[in-house]
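Student: Shown below is the structure under consideration.
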Amino acid sequence: MASRRAPLTGVQANELLKGFTTRMIHSLPPEWDQLFVEFRAMGSYVELRVHVLTVLGGSVEWALPDSEVTFLRDLRDAMYEPGEGTWNSLRYHLVHPGEYSVEYNWSEEPDWDHPPSAEYFEQELEDRPRDEDELPEWFEQRLDGPAPDTGVAR
């Protein structure tokens, strides 16, 4: 097994996100005003919601280039803290001409569109081990199987 590097610092992650931002600016449709990216992951399971607000006030879904999905996966891996894990979801917001913000969710359950099965949680622990006291209750429950049906439609 290859040895892991030290986790990225916030400053290092921000530098990588500056490059991501530049690539987004050059990839977005000409009428873009804001970009919203929601990235959720567990093991190899990924959910992604991306939409663009246009200068005319419309909202359209947009496909993030595959290379940028890979970038976000790699960023997540690079921010892994041994024993503590890594973030479960990220919200990225870009405002024309180039100001952005990012929020990482390290402990709360992501707002899944389709909650991943227990195998992805097992894979997560195999690939990014966490100490037992770093496992949130919701994570442990997901390891035991699907979430109970709350009767609330999404």
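The values are calculated or read from the model by the stated rules, or taken from the named source; none is laboratory data. No experiment lies behind these values; they were computed from the predicted model shown. Quick reminder, even Gly has a Cβ in these numbers, built from the backbone with ideal geometry, and neighbours come from all protein chains shown.
Student: Can you tell me which of L75, L56 is surrounded by 15 or more Cβ atoms within 10 Å (Cβ to Cβ) and not aromatic (F, W, Y)? Reasoning before the result, please.
Tutor: Numbers: L56 fails: surrounded by 15 or more Cβ atoms within 10 Å (Cβ to Cβ).
The unique qualifying residue is L75.
Student: For the list (1) under 27 Å from P136 (Cα atoms); (2) out of contact with any Lys or Arg (no Cβ under 8 Å at 6 or more places or on another chain); (3) surrounded by 17 or more Cβ atoms within 10 Å (Cβ to Cβ), I need the number of the one condition that G10 fails.
Tutor: For G10, the failing item is (3).
Student: Only one of (1) farther than 16 Å from R73 by Cα; (2) modelled with pLDDT of 95 or more; (3) not β-branched (V, I, T); (4) not in a loop (DSSP other than H, G, I, E, B) fails for D133. Which number is that?
Tutor: (2)
Student: Here is a further query. R73 fails exactly one of the following numbered conditions: (1) without any contact (Cβ under 8 Å) to a residue 40 or more places away in the chain; (2) over 17 Å from P129 (Cα atoms); (3) not hydrophobic (A, V, I, L, M, F, W, C). What is the number of that condition?
Tutor: For R73, the failing item is (2).
Student: Which of the residues spanning region 13-51 are surrounded by fewer than 12 Cβ atoms within 10 Å (Cβ to Cβ) and among the polar types (S, T, N, Q)?
Tutor: T22
Student: Looking at R76, R91, R49, R40 in this structure, which one is closer than 23 Å to S27 by Cβ, assigned to a helix (DSSP H, G or I) and modelled with pLDDT of 95 or more? Walk me through how you get there before you give the answer.
Tutor: Numbers: R91 fails: assigned to a helix (DSSP H, G or I); R49 fails: assigned to a helix (DSSP H, G or I); R40 fails: assigned to a helix (DSSP H, G or I).
From the options R76, R91, R49, R40, the qualifying one is R76.
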